[in-house]
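Trainee: Here it is: the structure, laid out below.
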C-alpha cells in the first residue's frame, strides 16, 4: 500500500492563552489546502486520515471532499508539542533570531530527543496500524512536521527523530508492505506551483 504523509497548511499564530493552542488555518493556508486537493485528488486515494488538531482537520477537509471520503481522526497523529499554549508558525519564529536560537536549542537537546523517542514509537505504531488496515490501497495521512519526521526517520533508520523541515502541505510518500517500508519521495509540493523553500510561507 502507499502512504501520503501530508503536513498541514499554514495556520494562524496563537501567542499564549489557554492550553493547548490549536490554531486553524490562515487564509493562505486555506488556499494551500485547496491547491493540495486539486492537484493530488485526481491521482486517487482510498482513505483520508488526520490528526485531531484543527490545522490538520482543515487541511484534510478539501482533499477528503474531492475524494468523496470521510476524514478519519487518529489521536496518535498529534504533534509532539500539542500540549503547549503557544503556536508560532516556524517562518515567524525564524524571523526573531533570539527566539529561533532558543527554539532550535530546545529541539536538538539530548533531553528533547530522549523524550521524542517515545513520541516516535507512538507515531510509528499509529501509522503502521493505518497501513496495516489498508493493504493494497492508497491512504492520505494529514498530520504535522514532527510526526512526518518521526515516521520517516524510522523508515530510513536514522537514530535522531528530527532531520528535515516539511513544507506546508508537502507530501512525502512511502510504500508499505508489512515490515518493509520504502521511501518514495520527501517534501513534494508541485501543487503550489513553485519551488518551495522551507520556513517561508511564500
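Trainee: Express in nm, to one decimal, how much length is gained between residue 109 and residue 177 on full extension, taking 0.36 nm for each residue of separation and deducting their alpha carbon distance.
Mentor: 21.1 nm
Trainee: Run through the DSSP bridge list for the chain and note the antiparallel percent, rounded to the nearest 5.
Mentor: Roughly 50 percent of the DSSP beta bridges within the chain come out antiparallel.
Trainee: Report Rg (one decimal) and Dmax (nearest whole number) for the range 29-118, counting Cα atoms only, units Å.
Mentor: 16.4, 45
Trainee: Would you calculate, for the chain, the mean residue ellipticity at 222 nm contributed by helices, counting each DSSP H stretch of 4 or more residues as -39,500 (n - 2.57) and dividing by all residues, to the nearest 500?
Mentor: Dividing the helical sum by the residues of the chain leaves -12500 deg cm²/dmol.
Trainee: Please report the relative contact order for the chain, taking Cα pairs under 8 Å with a sequence separation of at least 6, and give it as a percent rounded to a whole number.
Mentor: Dividing the mean separation by the residue count of the chain yields 32 percent.
Trainee: Of the residues 153, 172, 109, which exhibits the maximal mean-square fluctuation in a Gaussian network model of the chain defined by a 10 Å Cα contact cut-off?
Mentor: 109
Trainee: Given contacts defined as C-alpha pairs under 8 Å and at least six residues apart, what's the relative contact order of the range 42-88, whole-number percent?
Mentor: With pairs under 8 Å counted, the relative contact order is 42 percent.
Trainee: For a quick check, take a GNM of the chain with Cα springs below 10 Å and name the residue from 105, 167, 126 with the largest mean-square fluctuation.
Mentor: The residue with the greatest mean-square fluctuation here is 105.
Trainee: If each residue's Cβ is checked for other Cβ atoms within 10 Å, how do 83, 47 rank with the fewest at the top?
Mentor: 83, 47
Trainee: Over what distance in Å are the Cα centres of the range 114-159 and the range 10-71 separated?
Mentor: Cα centroid to Cα centroid, the span is 18 Å.
Trainee: Then there is this: Pick from 42, 190, 52: which is most flexible by mean-square fluctuation in a GNM of the chain where alpha carbon atoms under 10 Å apart are linked?
Mentor: 42
Trainee: Would you mind getting me the FRET efficiency between residue 95 and residue 19? Use the beta-carbon distance for r and R0 = 30 Å, nearest 0.05.
Mentor: Here the calculated transfer efficiency is 0.80.
Trainee: Rounded to the nearest 0.05, what FRET efficiency do residue 102 and residue 73 have when you use their Cβ-Cβ distance and R0 = 41 Å?
Mentor: Using R0 = 41 Å, I get an efficiency of 0.80.
Trainee: Give, to the nearest whole percent, the P(r) tail of the range 67-141 beyond 14 angstrom, counting all Cα pairs.
Mentor: 72 percent
Trainee: Sticking with this one: Could you list 59, 86, 189 in order of exposure, starting from the residue whose Cβ has the fewest other Cβ atoms within 10 Å?
Mentor: Ranked by crowding around the Cβ, least crowded first: 86, 189, 59.
Where a number appears in this text, it was derived from the coordinates with a stated rule and is not lab data. Keep in mind that this is a model prediction, so the values were computed, not measured. Every residue, glycine as well, gets a Cβ built from its backbone with ideal geometry; the counts of neighbours run over all protein chains shown.
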